[in-house]
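The values are calculated or read from the model by the stated rules, or taken from the named source; none is laboratory data. If you're wondering where the values come from, they're calculated on a predicted model, not measured in any experiment. Please note: Cβ atoms are built from the backbone with ideal geometry, for glycine as well, and neighbour counts cover all protein chains shown.
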Amino acid sequence: MLTLVKLLQSLVKALHSEGTPGQLAAGIALGSILGLTPLVSLHNAVIFAAIVILNVSFPGALLGWALFVPVGFLLDPLFDHVGHVLLLHTPALTPLWTALYNMPVVPLTNFNNTVTLGSLVFSAVFFLPLLFAARWGVTRYRATIGERVRQSKWYRALTASRVYNVYRLFKPE
Amino acid sequence: MSVRIFRWRAIGPLLVFLVIGGVVWWLFADRIARRSAEKIGTSIVGAKVEIQSLHIDLANGDVTIRGLTVASPHEALKNLLQADELVADLDVLPLLEKKVVIDRLAANGLRFGTARETDGRVPGDPNASVSGRVMNEARDWAQRFQVPALQLATGKIDVATLDPRQLSAIPAAHALSARADSSRKAWQTGLDTLRLGPTVDSATATLARLKTARVTDLAALADARRAIEQLKQARNRVTAYERDVTGGMAALKAGVAGLDSAKQRDYAFARGLLKLPSLDAPAIGLALFAPTAVANFERALYWTQVARAHMPPGLLPRGDDGPQRARRSGSTVRFPRERALPGFLLRDAELSVQLDPTAPQPKSYAGRLTGLTSDPALYGRPTLFAASAPAIVAGAMLDHVHATARDTAGATVQGVRLPVLQLPSLPMRLDPGQGTTQLGFTLKGDTIHARWAIRSTHVTWARDSAGPSSTVTDLLWRTLSGISDLQVDAGITGTLRAPRLVVRSNLDEAIAGRLRTMMGEEVAAAERRVRAEVDRQVDPAIAPVRARVTALQTEITARLAQERARLEKAQKDLEARLRPF
């Protein structure tokens, strides 16, 4: 229940943040990588750093992460299959994987794990479609029911909370 | 309004975050590494691996492990080994490639087979891990050996119920009876198709005409000669036909003989239903010591197969189970490359081993392990282990460098306390005391050659008071309790799919001799009873068939003789009548 409330909170905050639809969509798309791929991986540290440093919506990233974690769990069998195909059944790629495997630092990304690689490839392919779809969705939302939600009591209560102050630190400039 | 790409003011929090991460690593690296080592070790061994403390000194490339306990995957309350301290000299740079290369390891205070308070085996789905799968395979392999049970609890021999459907002579008799019937019909039809009657009738008519014919009646003479020719042809047909019948009769007689063979097989089958005690010395050796021997071989096979699973030959990419996590584990694929470092390599380890640690003054020995690696093809040399001391010689070689793996291990330990042996089916225990034990195990590809032996000259016997008592067990107890020497030799040869087990001991002949004396008469009487039972069930089916075949032979022989006589008589009469012409 708490997770659901937090997800809702994140969704509302993200949709009404000061960022442009593009910033919000970029945050969601980057956050989706965190959600779709196994979290404890070196590439996610890079993604996290990108979310922090790039001028994208941090709440959007949190929203993308929260939304895509369950999707990641659901699609794990698919990721596993994709990873298997890429790592073991695509001979043309074997020299690449061999080179990467024997290179410093790269093996720490766990790229040679079928689920990690499958989910990373999937999220990379999914990145641009998600970015554009999210930008279109946020624009439509703000143009239609966004203002009514902003005027509601519960939204004001939410934005008055201390959590919101922490969020403001990472709001898009 | 232009949107800036970077959020420079977030650099500060990010750096703080990195610093916090560094501090957390500094504080918890040892704990994280300890847990990871425990998890990986548990996964490889198939039983709990526990570490009291682990300290990483990256600056000096040292890792120190204290209080290592590796539980036995085969015994609930036993450890495979314990070590007081392991100090590893680590190559730091390969860590960046996620490779662990240990130049030198010093293991102190190694003890084997110590007791533990909790079950160290790993519960859960055995097929979820490599060790679980290997354990199942080794267990299945061990169950291939059908160890005979030594039946002497009561000294009585049971004659089990004999089901006539399981006897082979009865269906064979029915089949032969059907064949005899069909042969009889076929031969009858065959005789009819020879058309002997019309030939004889025609010859008889010609003879009658010849009696009234004149010397100049050339037509009658020609008819007579033609009739004689037809009679000769008919006799040839009869001869050919007789050959066929003789062949058919021989087959039927062979069928009758086959019934006798089937009956002999039924005797053997019925004898197999008897719950007889084993009277052969090799069978007794198997019954007494095979479970212990097979358990030792099973363990050796388990460790060999675990080594093969984690140290596979070749340089092809290969997948192992991925890390355990909330998400799906997947498979982690290794891509070894020539002249690159292996994923794991222990170049040289010096082992300080304590034998018989419960003794007042446990003895310490030194051993050496070299070239333990996850990629033998990259390392290019086999893994070697050697330990030598006045009372112990042990060695092992895991050669996975080439496509066909060759694993050899052997150990001879003298003057150690051997474990007590519970003899299956005998209500007594055998305590070998201090003695010598040997284990040799070679697995080349799929071909196994293994030997296990124990020798002791200070055997003591203990009778199990809760066990069943009978005249036989009393006598065996008196026989065995006077034996103070023990020599057991067990060996396995062949392939993993079709292994052959032989077990011999100096107790076999003693037990077999005593059992023969005791049980010989009763066994003979029981065998007579089962033979009588087989006769009672089989003879009513066999006797009519035997009689039918005999009658058929008599009938067909008589019929053929009769037909041949008719033909010969008709031919002779005609020839006699023609002579004056």
**OP:** Evaluate segment B:445-456: report whether one residue or more is within 14 Å of B:Ser505 (Cβ to Cβ) and outside any strand (DSSP E or B).
**Re:** no
Original post:
Hey, any hits in segment B:96-107 for a residue that's at pLDDT 85 or above, out of contact with any Ser or Thr (no Cβ under 9 Å at 6 or more places or on another chain), part of a helix (DSSP H, G or I) and surrounded by 15 or more Cβ atoms within 10 Å (Cβ to Cβ)?
Top reply: yes
Original post:
Among the listed residues B:Leu276, B:Leu286, which satisfies the condition of being modelled with pLDDT under 85 and within 18 Å of the chain's Cα centre (by Cα)?
Top reply: B:Leu286
Subject >> Residue list for segment B:14-24, restricted to those being surrounded by 14 or more Cβ atoms within 10 Å (Cβ to Cβ) and either modelled with pLDDT of 90 or more or aromatic (Phe, Trp, Tyr) (or both) >> reply: B:Phe17
Subject >> Those residues of segment A:64-84 which are surrounded by 14 or more Cβ atoms within 10 Å (Cβ to Cβ) and either in contact with a His (Cβ under 6 Å, 6 or more places away or on another chain) or closer than 30 Å to B:Leu315 by Cβ (or both), in sequence order >> reply: A:Asp76, A:Phe79, A:Asp80, A:His81, A:Val82, A:Gly83, A:His84
Original post:
Of B:Thr206, B:Thr292, B:Thr199, which residue is in contact with a strand residue (DSSP E or B) (Cβ under 9 Å, 6 or more places away or on another chain) and either among the aliphatic types (A, V, I, L, M) or touching a residue at least 60 places away in the same chain (Cβ under 8 Å) (or both)?
Top reply: B:Thr292
**OP:** Check B:Leu501 against each of (1) in a helix (DSSP H, G or I); (2) buried (at least 17 other Cβ atoms within 10 Å of the Cβ); (3) among the hydrophobic types (A, V, I, L, M, F, W, C) and name the one condition it does not meet.
**Re:** (1)
Subject >> Yes/no for B:Leu378 being assigned to a helix (DSSP H, G or I), within 14 Å of chain A (Cβ to nearest Cβ) and touching a residue at least 40 places away in the same chain (Cβ under 8 Å) >> reply: yes
**OP:** Six or more apart or on different chains, Cβ under 7 Å: which pairs go from a residue in segment B:400-427 that's without any contact (Cβ under 8 Å) to a residue 24 or more places away in the chain to one that's of a type in the set (S, T, N, Q)? Could you list them?
**Re:** B:Gln414/B:Thr436
Subject >> Hits in segment B:66-107 (condition: among the β-branched types (Val, Ile, Thr) and more than 42 Å from the chain's Cα centre (by Cα)) >> reply: B:Val87, B:Val92
Subject >> Unique match (being under 12 Å from A:Gly35 (Cβ atoms), of a type outside the set (Val, Ile, Thr), assigned to a helix (DSSP H, G or I) and more than 12 Å from chain B (Cβ to nearest Cβ)) among A:Ala124, A:Ala66 >> reply: A:Ala66
**OP:** Could you tell me which of the residues B:Val549, B:Val503 is more than 30 Å from B:Ala138 (Cα to Cα), among the aliphatic types (A, V, I, L, M) and in contact (Cβ under 8 Å) with a residue 40 or more places away in the chain?
**Re:** B:Val549
Original post:
Does at least one position in segment B:508-521 carry a residue that is surrounded by fewer than 17 Cβ atoms within 10 Å (Cβ to Cβ) and of a type in the set (Val, Ile, Thr)?
Top reply: yes
**OP:** Give segment A:38-63 a look and list any residue that's over 13 Å from the mean Cα position of the chain (by Cα), closer than 22 Å to A:Phe122 by Cα and part of a helix (DSSP H, G or I), or say none.
**Re:** A:Leu42
Original post:
Does at least one position in segment B:399-412 carry a residue that is of a type in the set (D, E, K, R), under 30 Å from B:Arg339 (Cα atoms) and outside any strand (DSSP E or B)?
Top reply: no
Original post:
Counting only residues that are in contact (Cβ under 8 Å) with a residue 40 or more places away in the chain and buried (at least 24 other Cβ atoms within 10 Å of the Cβ), which one in segment A:48-63 is farthest from the other protein chains (Cβ to nearest Cβ)?
Top reply: A:Leu63
**OP:** Quickly run through segment B:202-258 and pick out the residues that are under 60 Å from the mean Cα position of the chain (by Cα) and among the aliphatic types (A, V, I, L, M).
**Re:** B:Val238, B:Ala240, B:Val245, B:Met249, B:Ala250, B:Ala251, B:Leu252, B:Ala254, B:Val256, B:Ala257
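Here is a yes/no grid of residues against (1) out of contact with any His (no Cβ under 9 Å at 6 or more places or on another chain); (2) under 29 Å from A:Pro38 (Cβ atoms):
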| position | (1), (2) |
| --- | --- |
| B:Val306 | yes, yes |
| B:Ala309 | yes, yes |
| B:Pro312 | no, yes |
| B:Arg318 | yes, yes |
| B:Pro323 | yes, yes |
| B:Arg328 | yes, yes |
| B:Thr332 | yes, yes |
| B:Asp348 | yes, no |
Subject >> Residue selected from segment B:417-438 under the condition surrounded by fewer than 17 Cβ atoms within 10 Å (Cβ to Cβ) and closer than 21 Å to B:Gly395 by Cα, by the criterion nearest to the chain's Cα centre (by Cα) >> reply: B:Gln438
**OP:** Output yes when any residue across segment B:408-426 is under 29 Å from B:Ala349 (Cα atoms) and touching a Lys or Arg at 6+ places or on another chain (Cβ under 7 Å), and no when none is.
**Re:** no
**OP:** Return the only residue of A:Leu100, A:Leu108, A:Leu87, A:Leu96 being within 7 Å of another protein chain (Cβ to nearest Cβ), in a helix (DSSP H, G or I), over 19 Å from A:Phe126 (Cα atoms) and without any contact (Cβ under 8 Å) to a residue 40 or more places away in the chain.
**Re:** A:Leu87
Subject >> Among the candidates B:Leu345, B:Leu384, B:Leu369, residue that is within 25 Å of B:Arg308 (Cα to Cα), in contact with a Phe, Trp or Tyr (Cβ under 6 Å, 6 or more places away or on another chain) and of a type outside the set (Gly, Ala, Ser) >> reply: B:Leu369
Original post:
Filter segment B:172-188 for residues that are over 15 Å from B:Lys263 (Cα atoms) and within 44 Å of the chain's Cα centre (by Cα); which is surrounded by the fewest Cβ atoms within 10 Å (Cβ to Cβ)?
Top reply: B:Ala178
Original post:
Which residues, taken from segment B:25-52, are within 13 Å of another protein chain (Cβ to nearest Cβ) and surrounded by fewer than 12 Cβ atoms within 10 Å (Cβ to Cβ)?
Top reply: B:Trp25
Original post:
Inside segment B:221-236, can you point out the residues that are surrounded by 18 or more Cβ atoms within 10 Å (Cβ to Cβ) and free of Cβ contacts under 8 Å to residues at least 40 places away in the same chain?
Top reply: B:Asp223, B:Gln230
Original post:
Out of the residues in segment B:308-341 that are over 11 Å from A:Thr98 (Cα atoms) and of a type in the set (D, E, K, R), which is farthest from the other protein chains (Cβ to nearest Cβ)?
Top reply: B:Arg308
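Results for (1) modelled with pLDDT of 90 or more; (2) of a type in the set (A, V, I, L, M, F, W, C); (3) part of a strand (DSSP E or B), shown as yes or no for each residue.
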| residue | (1), (2), (3) |
| --- | --- |
| B:Ala326 | no, yes, no |
| B:Thr332 | yes, no, yes |
| B:Glu350 | yes, no, yes |
| B:Gln354 | no, no, yes |
| B:Pro357 | no, no, no |
| B:Leu369 | yes, yes, yes |
| B:Ala394 | yes, yes, yes |
